[in-house]
Amino acid sequence: MADIRKTVLITGAGVAGIGGSLAKEFHLRGYRVFATARDLTTVQELSEKYSIETLYLDVTSTESVRAAAEEMSRRAGGKLDVLVNNAGLGVVTPATDLLIETVVKSMFEINVFGVMRMVQEFSGLLIAAEAFQLMKASQIVTGGVKTNIARHGTTLRPGSIYTPILDFFHKRVTDSQDGAMDRDAYARSVVAQVMKPDWRKPAWFWEGNKAKVVWFIWTFLWSTAFDFRMMRVFGLFKLKRIVSAEKSKKD
């Protein structure tokens, strides 16, 4: 008997992150879920506890994405109702300290090119399910959610200009986890939005700790208000004074 459930594929669906919680919530809402990861041990629990289908998928590899799309098509009859581009790499290291050949290129491979690979290879399945409509494409702006994404890029280069405010840098590393929203609660909210009829589905959806604060600043205050807050909270005004003082001594 054919499986008539709606289908959803989620990238970066490891149980320790947002993707795993989204996979469980979609499953509980009656979807046929395909949880993907480039390390299948991270999605093993989803398969064993919830009978969620898992696929190997590395968004940095066109061949891997294409193979996953073909396998997804074979299993689901050539259709996909919902694609969740969740895989991502977050880095908190200042731009002056980032290693371009490794970290920066990885960020673009995963966060930019990875999404484009997914869209190109899976668009045919979305079209076949009549799910590829402009109004159904939503951007989720995520605030603080309990996840391991902030663990990447937590050190400064030796001699970094940010060394004088190292305490502020350490605060920035953990800031998104202070008062962070529970992953499962986040997933319930997001999936509820996805399931809304098209005319009620927002193009932009803000969820997570402090997400709505950022929305308010961007929407109702002047363009530099957010920058001012970030500079004050994370010690950049202090750094500016230190750099200016050192420059004056040299002059």
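The values are calculated or read from the model by the stated rules, or taken from the named source; none is laboratory data. Source: prediction; values computed, not measured. Positions of Cβ are generated from backbone atoms using ideal geometry, with glycine treated the same way; all protein chains shown enter the neighbour counts.
Overview of values
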{"item": "Residue in the range 28-63 that is farthest from A76 (Cα to Cα), counting only those that are in contact with a helix residue (DSSP H, G or I) (Cβ under 8 Å, 6 or more places away or on another chain) and basic (K, R)", "result": "R38"}
{"item": "Any chance F108 is more than 28 Å from I4 (Cα to Cα) and assigned to a helix (DSSP H, G or I)", "result": "yes"}
{"item": "Condition broken by F228, with the remaining ones in (1) surrounded by 13 or more Cβ atoms within 10 Å (Cβ to Cβ); (2) in contact (Cβ under 8 Å) with a residue 24 or more places away in the chain; (3) closer than 20 Å to D167 by Cα; (4) out of contact with any Asp or Glu (no Cβ under 8 Å at 6 or more places or on another chain) satisfied", "result": "(2)"}
{"item": "Residue within the range 88-103 that is among the charged types (D, E, K, R), part of a helix (DSSP H, G or I) and surrounded by fewer than 14 Cβ atoms within 10 Å (Cβ to Cβ) present", "result": "yes"}
{"item": "Of residues in the range 193-251 being acidic (D, E) and more than 20 Å from T142 (Cα to Cα), the one modelled with the highest pLDDT", "result": "E246"}
{"item": "Qualifying positions in the range 2-50 - among the basic types (K, R), touching a Gly at 6+ places or on another chain (Cβ under 9 Å) and under 21 Å from M195 (Cα atoms)", "result": "R5, K6"}
{"item": "Residue selected from the range 119-137 under the condition within 24 Å of R188 (Cα to Cα) and surrounded by 14 or more Cβ atoms within 10 Å (Cβ to Cβ), by the criterion modelled with the highest pLDDT", "result": "L126"}
{"item": "Residue in the range 48-55 that is touching a residue at least 12 places away in the same chain (Cβ under 8 Å), within 17 Å of R188 (Cα to Cα) and either part of a helix (DSSP H, G or I) or polar (S, T, N, Q) (or both) present", "result": "yes"}
{"item": "Identity of the residue in the range 175-190, hydrophobic (A, V, I, L, M, F, W, C) and closer than 10 Å to S21 by Cα, that ends up farthest from the chain's Cα centre (by Cα)", "result": "A185"}
{"item": "Candidate set from the range 1-59 (those that are surrounded by fewer than 21 Cβ atoms within 10 Å (Cβ to Cβ) and polar (S, T, N, Q)); member that is nearest to E130 (Cα to Cα)", "result": "T54"}
{"item": "Only listed residue being modelled with pLDDT under 90, crowded, with 17+ Cβ neighbours inside 10 Å, under 21 Å from V33 (Cα atoms) and of a type outside the set (S, T, N, Q), chosen from I149, I140", "result": "I140"}
{"item": "One residue from G78, G30, G114 being more than 30 Å from F234 (Cα to Cα), part of a helix (DSSP H, G or I) and either out of contact with any Leu (no Cβ under 6 Å at 6 or more places or on another chain) or modelled with pLDDT under 95 (or both)", "result": "G114"}
{"item": "Segments classed as helices (runs of 4 or more DSSP H), wholly inside the range 153-251, with at least 1 members that are among the hydroxyl-bearing types (S, T, Y) and touching a helix residue (DSSP H, G or I) at 6+ places or on another chain (Cβ under 9 Å)", "result": "166-175, 183-194"}
